[in-house]
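Student: Please read through the structure below; I'll follow up with questions.
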Amino acid sequence: MCGIIGYTGPLMAKEILLEGLAQLEYRGYDSAGIALLADEGGAALNAGGAASTFSADSGVWPAALSGAGAMTAAEALGDTAHPTATGVRRRPTASHAGPSPITVIKKTGKVKGLRAYCGSLPVDGHCGIGHTRWATHGGVTDANAHPHQAGEITLIHNGIIENYQELIDTFHLQGKLLSQTDTEVAAWVLDALVREEVGDIAKAIARLLALIRGSYGFCILYASRPGEIYAVRNVSPLVASYTPSGALVASDLTAIIPYSRSYFVVPENALVRLTPYRIDVTGPEGDPITPEMLEVNWNVDAAMKNGYPHYMLKEIHEQPRAMENTILPRLDKGLPDFAQDGIPDAVFTGCERIHIIACGTAMHAGMVARSMYEPLLRIPVAVWVASEFRYEDPLVDGGTLAIVISQSGETIDTLAAMRLASEKGAATLSIVNVKGSTIARESDYAFYTHAGPEIAVASTKAYSVQLAALYLIGCRAAMLRGKYTPEEAKVFVTNLLDAIPAMEMMMGQKERIRGLTSHLIHEKDAFFIGRGLDYALSLEGALKLKEISYIHAEAHAAGELKHGTIALIAPLVPVVAIATQEHVFAKMISNIREVKARDAFVILVSKLSAPVGDGVANVRLSIPDLPDAFCVFPVVVFLQLLAYYAAVGKNLNVDQPRNLAKSVTVE
Ligand code: M6R
């Protein structure tokens, strides 16, 4: 939900910001903008301050990046020991008078459009901020795009300011605002506060944060402090890195990784000051903070399309490796072991009830787990849509284990539900893909999936690895609770690993799956049906199809269709029937016959050896004969490819479907 980037350093900022925004665009893509601090040459700025310092080695800047050949940081910056002596100041720093040295360029539409527009403008500088938006307050207009400016303040924001109306009243902002956004309100309030604080921007920001209710990641330029970017966050993600090419801050690593593999997560409620020389981090009282430095565990290629036409197709193909990366490091003599994750056995032996909490695709993974856990572990297991969990007064106590699933680790509904579960005494175990994300850090135990960055808005590989994680957890819990002998657990793990080549086999059928969409794309509605685990999968199949192909899709427990929805089945309406569960196979075939009798166009997915009679389906796809619980893995690949080729067939923007954003940091 909105992508943020800030850069200050020896390189020209415009290209860095535009490149970063292109990487972050999946977070929001209805408008984009940058703000550049004009300068007349090299950076020569005050690098004072009493906080912790993170500076790069006095290394050599990559020639390709600097465009100036190989030079040391000191050469390119001028004499860093006497920064004001040899560099050229951009603007007076103490009291900026006259027109703002900060140029804002913003536009509705994609980053590509912004880039084309910027190209014609002779503006650049060594310091700037950029934003790609997913509209919350105010429609998609140029005026509502970020950055927003008020007096000497220019800022970008990811999140929601809940009490913006109150702030408008308190600070008498009526008539001043040029946009309908909550963000512009923050800019005006900060401008007023910095004047009250006679230019002490740190104090003014601290006062702003004390006034705001809501979530935020802000990057702020203050015209009187050229070359500096101030970054703060609450819930909304921000990472920062000091690199040989300058200092960067961004909503996520994809924008930073071309410059550095080491980074830190901006601590909540800390103030981060980026200068060309260093990054200072201070706490609310101005006390220096030393954040934990992290290393990226994937390389820049992982965030590129690498020859695939879309990220989604690439990520579908990455699933087998992602599964291995998630499973293999957690096996000890063929059995699941979470010592490296620091998850004690008592988490599983001590619990009397499990709540699985998540949103969207992650919640669908939870539904698969629920179907498996309750019969296996013989304790109550509930799955919750996170946004409902908070308001339903669920039964949670010290005997509850809350398993929280989130690819991004920043989904606000999931985070809020997890906090509630924790408050009520539950132990919290998160299954998260993004390292250092808020949900991972705030949970009692984090189980990282190792899928690498997922860029397409439609989640694919994240789902498979969430399932893999949930399966490993279920297996270990069953062992520890005496439901599985070690031998049975070993067989379970072997079956899980066997599901990986089965996924690859499904990818081998992609041309056939593409062929199926020639009918599908001309239909307005589609239905997905299944029983048990197949019903949970149906939900995911329907979500995938609707979110990227805009075909209305519904999933139903197959036995439920006749209680109403079958009224919608008319000739040639596509029904995707998933029938991999042997104990309900015959029932499932009866349900399929019910829709076939109404001339639906049935696409059946079942095991190779399943006894499917003549005339049951228009098209049949087979998966290898895996044990029932493991069929989800190849079947989901089919569902993903079906949705993908439907969207491609309709010539839609597969990776950035309308109205959506990759991570949802608003309630
Ligand atoms: O990052 P999270 O896993 O918490 O995100 C949850 C959902 O927003 C996400 O799975 C969403 O449903 C996907 N766009 C579905 O493809």
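Student: Hand me the list of strands (runs of 3 or more DSSP E) wholly inside segment 561-667 holding 2 or more residues that are open to solvent by less than 10 Å² (accessible area, probe 1.4 Å) and β-branched (Val, Ile, Thr).
Tutor: In segment 561-667, the matching strands (runs of 3 or more DSSP E) lie at 574-579, 601-607.
Student: List the residue pairs whose Cβ atoms are under 7 Å apart, where the first residue sits in segment 544-555 and is within 13 Å of the ligand (Cβ to nearest atom), the second is open to solvent by 10 Å² or more (accessible area, probe 1.4 Å) and charged (D, E, K, R), and the two are 6 or more positions apart or on different chains.
Tutor: Filtered contacts from segment 544-555: Ser549/Lys650; Ala553/Lys546.
Yes/no matrix, rows are residues, columns are (1) in a helix (DSSP H, G or I); (2) more than 16 Å from the ligand (Cβ to nearest atom):
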site: Gly452; (1), (2): no, no
site: Ala462; (1), (2): yes, no
site: Leu467; (1), (2): yes, no
site: Gly474; (1), (2): yes, yes
site: Lys490; (1), (2): yes, yes
site: Val493; (1), (2): yes, yes
site: Leu496; (1), (2): yes, yes
site: Glu504; (1), (2): yes, yes
site: Ile513; (1), (2): yes, yes
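Student: Quick one: which residue in Leu221, Leu208, Leu178 is aliphatic (A, V, I, L, M) and in contact with a helix residue (DSSP H, G or I) (Cβ under 6 Å, 6 or more places away or on another chain)?
Tutor: None of the other options fit; the residue is Leu208.
Student: Could you check, for segment 406-417, whether at least one of its residues is in contact (Cβ under 8 Å) with a residue 24 or more places away in the chain, under 23 Å from Asp332 (Cα atoms) and within 13 Å of the ligand (Cβ to nearest atom)?
Tutor: no
Student: Which of the residues spanning segment 522-531 are modelled with pLDDT of 95 or more and open to solvent by less than 50 Å² (accessible area, probe 1.4 Å)?
Tutor: Ala526, Phe527, Phe528, Ile529, Gly530
Listed here are the residues, each with its yes/no results for (1) open to solvent by 10 Å² or more (accessible area, probe 1.4 Å); (2) at pLDDT 95 or above; (3) within 13 Å of the ligand (Cβ to nearest atom); (4) in contact with a Pro (Cβ under 7 Å, 6 or more places away or on another chain).
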{"site": "Leu420", "(1), (2), (3), (4)": "yes, yes, no, no"}
{"site": "Gly425", "(1), (2), (3), (4)": "yes, yes, no, no"}
{"site": "Val432", "(1), (2), (3), (4)": "no, yes, yes, no"}
{"site": "Lys435", "(1), (2), (3), (4)": "yes, no, no, no"}
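Student: Looking for whichever is under 19 Å from Asp341 (Cα atoms) and assigned to a helix (DSSP H, G or I) here; the options are Arg419, Arg441. Which one fits?
Tutor: Arg441
Student: (1) in contact (Cβ under 8 Å) with a residue 24 or more places away in the chain; (2) open to solvent by 10 Å² or more (accessible area, probe 1.4 Å); (3) among the hydroxyl-bearing types (Ser, Thr, Tyr): which one isn't true of Thr485, the others all being true?
Tutor: Of everything listed in (1) in contact (Cβ under 8 Å) with a residue 24 or more places away in the chain; (2) open to solvent by 10 Å² or more (accessible area, probe 1.4 Å); (3) among the hydroxyl-bearing types (Ser, Thr, Tyr), Thr485 misses just condition (1).
Student: Listed residues Gly227, Gly175, Gly199; which is farther than 27 Å from Ser408 by Cα, in a loop (DSSP other than H, G, I, E, B) and open to solvent by less than 10 Å² (accessible area, probe 1.4 Å)?
Tutor: Exactly one residue qualifies, and that residue is Gly227.
Student: Given the conditions (1) open to solvent by less than 60 Å² (accessible area, probe 1.4 Å); (2) at pLDDT below 85, report the number of the one that Arg91 does not fulfil.
Tutor: Failing condition for Arg91: (1).
Student: Let me ask something additional. Across segment 334-389, what is the number of residues that are polar (S, T, N, Q), more than 16 Å from the ligand (Cβ to nearest atom) and surrounded by 16 or more Cβ atoms within 10 Å (Cβ to Cβ)?
Tutor: Qualifying residue count, segment 334-389: 1.
Student: Of Asn297, Asn306, which residue is within 17 Å of the chain's Cα centre (by Cα) and part of a loop (DSSP other than H, G, I, E, B)?
Tutor: Asn297
The values are calculated or read from the model by the stated rules, or taken from the named source; none is laboratory data. Since we're looking at a predicted model, the values are computed, not measured. Neighbour counts run over all protein chains shown; Cβ positions are idealised from the backbone, glycine included. The protein model used for the area step is the full one, side chains on, heavy atoms only, and it has no ligands, DNA or RNA in it. Shrake-Rupley method; radii C 1.70, N 1.55, O 1.52, S 1.80 Å.
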